[in-house]
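Q: Sending over a structure as C-alpha cells; questions will come in a sec.
The values are calculated or read from the model by the stated rules, or taken from the named source; none is laboratory data. Note that the structure is predicted; figures quoted are calculated from it, not measured. Heads up, the Cβs are rebuilt from the backbone with ideal geometry, glycines too, and the neighbour counts pull from every protein chain shown. With ligands, DNA and RNA removed, areas are computed over all heavy atoms of the protein, side chains included. Shrake-Rupley method; radii C 1.70, N 1.55, O 1.52, S 1.80 Å.
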Amino acid sequence: MNLSGWRPGPVVVLSLAAVASLAACDTKRNTTGGGGGGTATASGTGTGGEPATGTFHVGHYASLTGSEATFGQSTDQGIRLAIKERNAAIDAGTVKGRKIKLTTHDDAGKPQDAGNAVTRLITQDKVNALLGEVASGLSMVGGQIAQQYTVPMISPSSTNPQVTQIGDMVFRVCFLDDFQGKVMARFAREELKAQKAAVLYDQGQPYSKGLADYAEKAFKEMGGTIVSRQAYASSDPDVSAQLSSIKQASPDVIFLPGYYTQAANIMRQARKLGITVAFVGGDGWDSDKLEEIGGEAVQGSYYSNHYSPEEETPEVKNFVSKYKAEFGATPDGLAALGYDAAILLFDAVDRTPSLGGKDLAATIAATKDFVGVTGKISIDPNRDASKSAVVVKVDNGRRVPVKRYEP
Ligand code: PHE
C-alpha cells in the first residue's frame, strides 16, 4: 500500500445525546485527574444493571508518515475495522454497549511527536483510553504520559520488555523480544543449520538493539558462534563498511533486527557486495514495502512474526476476507494486532465497573483466554501476553508460514 492510497476512515458521527453527555463530562474533568476518568454515562455494566450506553473515546497515536509509515497506517485500519463492526452491531441491536469514537494523531515515527500526540489525545481530545504505538521506543515515550495521567494504554505490537514495565496503565497484546530473539536463533540453528551468525542492528531503536541482544544470547546458548556484531544509524543509509566486515567473517546467517525500510536497503547493499547467505529478521520487517524497496534482494529471507495471512485458522481467514473487502489489501501483522488490541479493549469496556482509568486498567488486566486473530490472549501479571510466533519466508509478495514456535 502506498501513502497516497491511505486515507483516514469516515468520521464517526456522534448522536446528539452522546455529544451532550460528553460535553457535560468534559467540564467536570481536570487535566491531571486522569483522562480516563470522564465517563460518557454515569456507570458501566459492572453493577449488573443495563449495559452502559454513550460513547467511548479511543485515542490512537501512530506513524502515519515517515520511514515506518505502513506500521501506523495498517494498525489504524485494523482499529477502524474493529470499530466499524462494533458500532454496526450496536446499531443493529445485536450488541449492547457503548459506541466507539476514534481520534488518531500522526507521530511521524518520532519520539517527540509521539509524546505530543499522546499529551494532546489526553488533555485536549479527552480520550478514555489509548492504542499505540507500534515501535517500542515510541511506546516507551507514550506509556510514560499515559501512566502519569492514569489513562490505560494498550500497545498492539511493541515487543521490547521495558514497555509494560512503565506501570499499571500500560499493556500489550503481543509477544516479547526475549521470546522473539529465541525464535530467530532456533530457526537459524535448527532449520537453517547455521553455526556462525553475524548481527547487524539499528543503534537508535530500543527494539532493534534489544532484539539483537536476545537473538545473540540465544544463538550462543544453542552452541552457535557470533562472528561479527555491527550497528548502523538510521540517519546514515550507507552500511557498506559494516557489511564488508560481516562478509570477511563469513557467517552462515545474518540477523537483521531492524525496521523494514532500513532492512530492505541493507539487504540490497549486501547482495551488491556479493553476500549471498540468508538474512533473518524480526517482526519489524512486516510491511509490503520490504519487497517494494528490496526487490530481489529480500526474496528467500525469513522473519519471525505474529501471524501470517496464509494461516488456515477460522479467525485468520475471516479477518483477511473482511479486511480485503474493506481496504482492498491483504492485512499484515500490524493490522491484525491493531484489530486485536481494539476488540480486547472493547471487551474490557463492556465489563468495567466504570470508565475511570484505574477501573478500566484493572478490567483489562483481568482479561483471560480472549480469542483474537493473532491467537489467544491472556494478560499476565506483567500486563504482557504470552503468544506463539511464526517464522515466514518472503516469497514474491507472499509470507509463507514456515514454522510456528510456542512460548
Ligand atoms: N515489535 C516492533 C517494536 O517493538 C514493532 C512491530 C511489530 C513491527 C509488528 C512490525 C510488526 O518496535
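Q: Taking the Cα centre of the chain as the origin and placing charges on Cβ (Lys, Arg +1; Asp, Glu -1), which of 72, 62, 166 is farthest toward the positive end of the dipole?
A: Projecting each Cα onto the dipole axis, the largest value belongs to 166.
Q: DSSP loop (so not H, G, I, E, B), at most 11 other Cβ within 10 Å: list which chymotrypsin sites (Phe, Trp or Tyr not before Pro) in the stretch 306-407 pass both filters.
A: Sparse-neighbourhood loop chymotrypsin sites (Phe, Trp or Tyr not before Pro): none present.
Q: Placing +1 at every Lys and Arg Cβ and -1 at every Asp and Glu Cβ, with all other atoms neutral, what dipole size does the chain have around its Cα centre, in debye to the nearest 20?
A: Once rounded to the nearest 20, the dipole reads 120 debye.
Q: Picking from 92, 212, 194, which is most flexible by a Gaussian network model of the chain using Cα springs under 10 Å?
A: Among 92, 212, 194, the largest GNM mean-square fluctuation belongs to 92.
Q: Of 108, 235, 274, whose Cα points farthest to the positive end of the dipole of the chain (charges on the beta-carbon: +1 Lys, Arg; -1 Asp, Glu; origin at the Cα centre)?
A: The residue sitting most towards the positive pole is 108.
Q: For the chain, what is the mean residue ellipticity at 222 nm derived from helices alone (per DSSP H run of n ≥ 4: -39500 (n - 2.57); sum divided by total residues; nearest 500 deg cm²/dmol)?
A: -12500 deg cm²/dmol
Q: Among the trypsin sites (Lys or Arg not before Pro) in the stretch 325-390, which ones are in a DSSP loop with at most 10 other Cβ atoms within 10 Å of the Cβ? Mind listing them?
A: 368
Q: Quick check: pseudo-label points 7 Å beyond the Cα along Cα→Cβ at residue 217 and residue 238, how many nm apart are they?
A: Placing both labels 7 Å along Cα→Cβ, they lie 3.6 nm apart.
Q: Right, here's the next one. Only bridges with both residues in the chain count here: give the DSSP antiparallel percent, nearest 5.
A: Numbers: 15 of 46 bridges.
Of those bridges, close to 35 percent are antiparallel.
Q: Given H placed on each backbone N at 1.01 Å, which residues far from residue 134 in sequence or on other chains put an amide H within less than 5 Å of it?
A: The answer is 63.
Q: Given the C-alpha centroids of the stretch 344-407 and the stretch 255-329, what is the distance between them in whole angstrom?
A: The stretch 344-407 and the stretch 255-329 have Cα centres spaced 21 Å from each other.
Q: Computed FRET efficiency, Cβ-Cβ of residue 321 and residue 366, R0 30 Å: what is it to the nearest 0.05?
A: After rounding, the FRET efficiency stands at 0.40.
Q: About its Cα centre, what dipole magnitude does the stretch 178-305 give when the only charges are +1 on Lys and Arg Cβ and -1 on Asp and Glu Cβ, stated in debye to the nearest 20?
A: Using only the charged Cβ atoms, the result is roughly 480 debye.
Q: Still on this structure, please answer the following. Connecting C-alpha atoms closer than 10 Å in a GNM of the chain, tell me which of 127, 151, 227 has the biggest fluctuation.
A: Fluctuation is largest for 227.
Q: Based on a Kirkwood Rh over C-alpha pairs, give the Stokes-Einstein translational diffusion coefficient of the chain at 20 °C and viscosity 1.002 mPa s in µm²/s.
A: Rounded to a whole number, D works out at 100 µm²/s.
Q: Two-decimal Rg/Rh of the stretch 171-230 from alpha-carbon positions, Kirkwood Rh?
A: Across the stretch 171-230, the Cα-based Rg/Rh ratio is 0.99.
Q: In the stretch 307-406, what GluC sites (Glu not before Pro) fall in a loop by DSSP, with at most 11 other Cβ atoms inside 10 Å? All intermediate terms of the calculation are to be shown ahead of the outcome.
A: On the way: sites: 310, 311, 312, 315, 326; in loops: 310, 311, 312.
Those that pass, being in a loop and sparsely packed, are 312.
Q: A further question on this structure: Over the stretch 178-305, average the accessible area per residue using a 1.4 Å probe and give it in Å², no decimals.
A: 38
Q: Can I ask one more? For the residue pair residue 120 and residue 231, what label-to-label distance in nm results when each label sits 7 Å from Cα along the Cα-to-beta-carbon direction?
A: 3.2
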